[in-house]
Amino acid sequence: MHSLKTAFRSLLKSPGFTAVAVLTIAVGIGANTTLFTLFDRLMLNPVSFPEPSRLVAVWAVNNERQFVAPAISWPRFEELHRSTGSVFESLTTSSFDSHTLTGNGEPEQVTVLRVTADFFSTIGIKPARGRAFTREEDLPNGAAVVILAHEYWQTRFGGRESILGENIMLSGTPHQVIGIMPPRLGNPFVGAQVFVPRVFEVGGLQPAQIQAGAGYTQALGRLRPGVTLEQARAACAAHDRAYREQFASRLDADNQMDPRAFTETLVSGLRPTMRMMLGVVAFVLLIACANVASLFLGRLSARQKEIAVRQSLGATRGMLVRQFLVESLLFSVVAGGLGVLLAIWSLSGIRSLLANQLPPDTQLGVSLPALVATVGVTFLVGVLIGLFPAWQASQVELTETLKDSSRGSSGGPRGKRFRGALVVAEVALSVALLVGSGLLLASFLKLQRTPPGFSPRGVAAAFVGLPNTRYRTGAEQAEFFRAVIERLQSMPQIESAAAVIGLPLSGNLPRAPYTVGTDAALPLPQRPLAGLRIVTPGYLKTLGIPLREGRDFTDLDRQGAPGVCLINESFARRLFPGQSALGKVIRRGRDAEFAHEIVGVVADVRSLGLGQPPSDEVFYPLAQLPRPGLAIVARTAGDAAGLQAIIRSAVASVDRDQPVSFFQTMENLLQQSLGFQRIVASLTTLFAGIALVLAAVGLYSVLAYSVAQRTGEIGIRMALGAARSDVVAMIVRQGLGLVAIGLGVGLAGAAGLAHLLSTLLYEVRPFEPAVYAVVTVVFAVVAVLACLLPSWRASRVDPLVALRTE
């Protein structure tokens, strides 16, 4: 307690040093606490289900088709369920669907998750009110029942308890509410508003397509206690062989079932980025430590007279080191508390910035593991900052120091070398951060300038899903969308309108097998896949997609007319190298019985994202391949955000009970696709900027201290005829010498670490010369500015005053 009180009084005597030290360390600790909280929430604990380590997601893999996705067919799931009971305690599957809710206010399109009866028991969550589905309800012709998500129950039904047992109208059919889920179900099911049974009744697919092996469900299993993932893979491999032999004609016969740790499937895409960001904030913290350690050593060196007096009165070296360690730990603890506060503010800002990239209701408060880590980091920082400076400052020569009546020792050669080494380390770490952030920023700028293949300005889209109970035939479905588009095109605000399955960047990008021309149709499991786009006439004009060759669809391309299609240009070059694709034929269907003549070739669109190459795409006219759920797309010369009411009005004019959902402008959709890269580039640039400032402050403090210690020497030099310019050059050379060493070490280290960023870069080489050159110039300029003020002060020394102090 005595040491603590003494340290507290000592820090209060130097408010400037204390404030700088606390703020510097707080920034480093706050950044680390923020990133560790994100890492803990998004990587270590991405789900809230019991025993998540036993949960396994079953993916379908077909390397020949370049198909890797958590999408298996219903027949495949049934066989998998029967054959893997020895490794899975339970196995479930689910599929997102949509229904129209009517009879309870305005009609609404709701997001439905179709699940098997044992879905809730598999994930380990049961309804908070009511009950789960029974096996009888999950059979064909089972009872129409529904479970509500807690958030949807609150917003749509006011949270009233009486809803249990009541019927709600979904797509024209009464469904009895039998349960309500607990709040925040968790990723990836948090988006579901209602749950219904019978995955095999999903909308948009015909029974024949489902039985043919179309992959659309997401299988999830819970391993039996003691069963490993490798054992599950062996059981799935045995199932694959049996399935291939028994159902060789199904679309998914050659697919392999690949069990993967469920939590890993949710975070694998984030892992490289999160690790890189943790490294960035660790660099910032190290730079902050080096900065404050340099300041601390300078402060202790100025207290050499005090240290010598205390030693002469009996204080041991250990007592002095302990005293100074307590001082460094004290301001580190204060900095840790301030850092937690900064982390809370930062997490709130990140939650707002990443709202579109994070699952709904994601909580980003500082977690207990993050607080524990912060305490450990705070203690480590205090020791790192205080140990060597305290030990160095305690090694004084009593006789020489007590003789000196005017000023403290400089700390000796070792102290000078240590401060110089700290500056070199700060510069090197800052340069490495600047290079990394420069590469990521250059990558983001190139990605942002990449043409998406369509014109997003003035375009918006909204999804419409027709209930099969009211629109039973394909002709009725096609007629509905034709009428809506006709109504939109009659409005003066609308330049063009269309409907589409496979809207770019929407995430709804199905693929289907195809056969080229008169080639013999391969067995269904061996046919190649291409992106399936179903559109109405005018889609290319509405999206601003150029037509490279041939013609667009017209109203004459209807049911009963010769089959036609469009393909994108990269697909055309690959299928028909050196020749025109027009007049060639693409065949589809189980037996490749439906022929479609290629009547046009369209420009490539980066449908999967600006950083992904264009995929193979085949466009079919809606009238010849009708579907109940499509996106309505419209273009206006004004603000695209105003199209929401217009599209809703056009749909209501055709069917007042038909809602629209998922309205989005294409500009926003494009920006959202870049959101994650923008955040990463912005954060790394911010942290690199902080590192640059800290390095400049560290360089300035070392030079300022050096000038203060060399006042007498500078006065003698000037008394003997040295010009002010000579003194300025001497101090600048001292600073730039340290910077040059740090630059060399930093650039070499950056070159060694840059290859770790290669997976995060888009069309930017890890050794981009321009980035390294810009970083070198920027740091050189900042270093010169940091050297100027101390050198100017040195040049203003009055020789008479300096000699008098000697």
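The values are calculated or read from the model by the stated rules, or taken from the named source; none is laboratory data. Source: prediction; values computed, not measured. Glycine gets a Cβ as well: all are built from the backbone with ideal geometry, and neighbour counts include every protein chain shown. Calculation scope for accessible area: heavy atoms of the full protein, side chains included, ligands and nucleic acids excluded. Shrake-Rupley method; radii C 1.70, N 1.55, O 1.52, S 1.80 Å.
Annotation for the stretch 123-139: at least one member residue is of a type in the set (Val, Ile, Thr), within 30 Å of Val56 (Cα to Cα), out of contact with any strand residue (DSSP E or B) (no Cβ under 8 Å at 6 or more places or on another chain) and surrounded by 15 or more Cβ atoms within 10 Å (Cβ to Cβ). For the stretch 493-515, the criterion of being over 26 Å from Asp604 (Cβ atoms), of a type outside the set (D, E, K, R) and without any contact (Cβ under 8 Å) to a residue 60 or more places away in the chain is satisfied by no residue at all. Considering every residue within the stretch 150-170, establish whether at least one is buried (at least 16 other Cβ atoms within 10 Å of the Cβ), assigned to a loop (DSSP other than H, G, I, E, B) and touching a residue at least 40 places away in the same chain (Cβ under 8 Å). So far as the stretch 150-170 goes, no, none of its residues is buried (at least 16 other Cβ atoms within 10 Å of the Cβ), assigned to a loop (DSSP other than H, G, I, E, B) and touching a residue at least 40 places away in the same chain (Cβ under 8 Å). Evaluating Phe594 against the criteria (1) under 19 Å from Leu509 (Cβ atoms); (2) of a type outside the set (D, E, K, R); (3) in contact with a Lys or Arg (Cβ under 7 Å, 6 or more places away or on another chain) leaves one unmet condition, (1). How many residues does the stretch 682-696 contain that are buried (at least 23 other Cβ atoms within 10 Å of the Cβ) and under 21 Å from the mean Cα position of the chain (by Cα)? Of the residues in that region, 3 qualify. Taken as a whole, the condition of being assigned to a helix (DSSP H, G or I), open to solvent by less than 40 Å² (accessible area, probe 1.4 Å) and among the small types (Gly, Ala, Ser) applies to Ala31.
Within the stretch 299-338, if we keep just the residues that are open to solvent by 10 Å² or more (accessible area, probe 1.4 Å), closer than 30 Å to Val375 by Cα and of a type in the set (Gly, Ala, Ser), the residue that is modelled with the highest pLDDT turns out to be Gly337. Give the residue that is farthest from Ser171 (Cα to Cα), with candidates limited to residues of the stretch 486-500 that are in a helix (DSSP H, G or I) and open to solvent by 10 Å² or more (accessible area, probe 1.4 Å). Among residues in the stretch 486-500 that are in a helix (DSSP H, G or I) and open to solvent by 10 Å² or more (accessible area, probe 1.4 Å), the one farthest from Ser171 (Cα to Cα) is Gln489. Checking each residue in the stretch 439-461 for being touching a Ser or Thr at 6+ places or on another chain (Cβ under 8 Å), more than 22 Å from Phe553 (Cα to Cα) and not in a loop (DSSP other than H, G, I, E, B) picks out Leu440, Leu441.
Among the residues of the stretch 236-279, the ones that are in contact with a strand residue (DSSP E or B) (Cβ under 8 Å, 6 or more places away or on another chain) and either open to solvent by 30 Å² or more (accessible area, probe 1.4 Å) or of a type in the set (A, V, I, L, M, F, W, C) (or both) come to 12 in all.
For Ser649, state whether it is assigned to a helix (DSSP H, G or I) and either in contact with a strand residue (DSSP E or B) (Cβ under 8 Å, 6 or more places away or on another chain) or at negative phi (or both). So Ser649 fits the description; yes. Residues in the stretch 440-470 that are under 25 Å from Gln658 (Cβ atoms) and open to solvent by 30 Å² or more (accessible area, probe 1.4 Å) were compared, and the one that is nearest to the chain's Cα centre (by Cα) is Phe463. Thr173 meets each of the listed conditions (1) touching a helix residue (DSSP H, G or I) at 6+ places or on another chain (Cβ under 9 Å); (2) under 26 Å from Arg656 (Cβ atoms) apart from (1). Just one of the listed residues (Ser121, Ser98) is farther than 30 Å from Leu630 by Cβ and of a type in the set (Ser, Thr, Tyr), namely Ser121. Residues in the stretch 1-28 that are farther than 25 Å from Trp345 by Cα, of a type in the set (S, T, N, Q) and in a helix (DSSP H, G or I): Ser3, Thr6, Ser10.
Checking each residue in the stretch 57-94 for being part of a strand (DSSP E or B) and open to solvent by 30 Å² or more (accessible area, probe 1.4 Å) picks out Trp59, Phe67, Val68, Glu89.
List, please: which pairs have Cβ atoms under 7 Å, are six or more places apart or on different chains, and start with a residue in the stretch 727-741 that is open to solvent by 30 Å² or more (accessible area, probe 1.4 Å) and end with one that is of a type in the set (S, T, N, Q)? Partner pairs satisfying both residue conditions: Val728/Ser791; Val728/Ser795; Gln734/Ser706. Checking each residue of the stretch 208-225 against the condition of being among the charged types (D, E, K, R), open to solvent by 40 Å² or more (accessible area, probe 1.4 Å) and under 33 Å from the mean Cα position of the chain (by Cα) gives at least one match.
Go through the stretch 189-206 and report how many residues are farther than 20 Å from Pro467 by Cα and surrounded by fewer than 20 Cβ atoms within 10 Å (Cβ to Cβ). Number satisfying all stated conditions: 2. Here the condition is being within 21 Å of Gly191 (Cβ to Cβ), in contact (Cβ under 8 Å) with a residue 40 or more places away in the chain, open to solvent by less than 20 Å² (accessible area, probe 1.4 Å) and among the hydroxyl-bearing types (Ser, Thr, Tyr); of Thr100, Thr24, Thr111, it holds for Thr100 alone.
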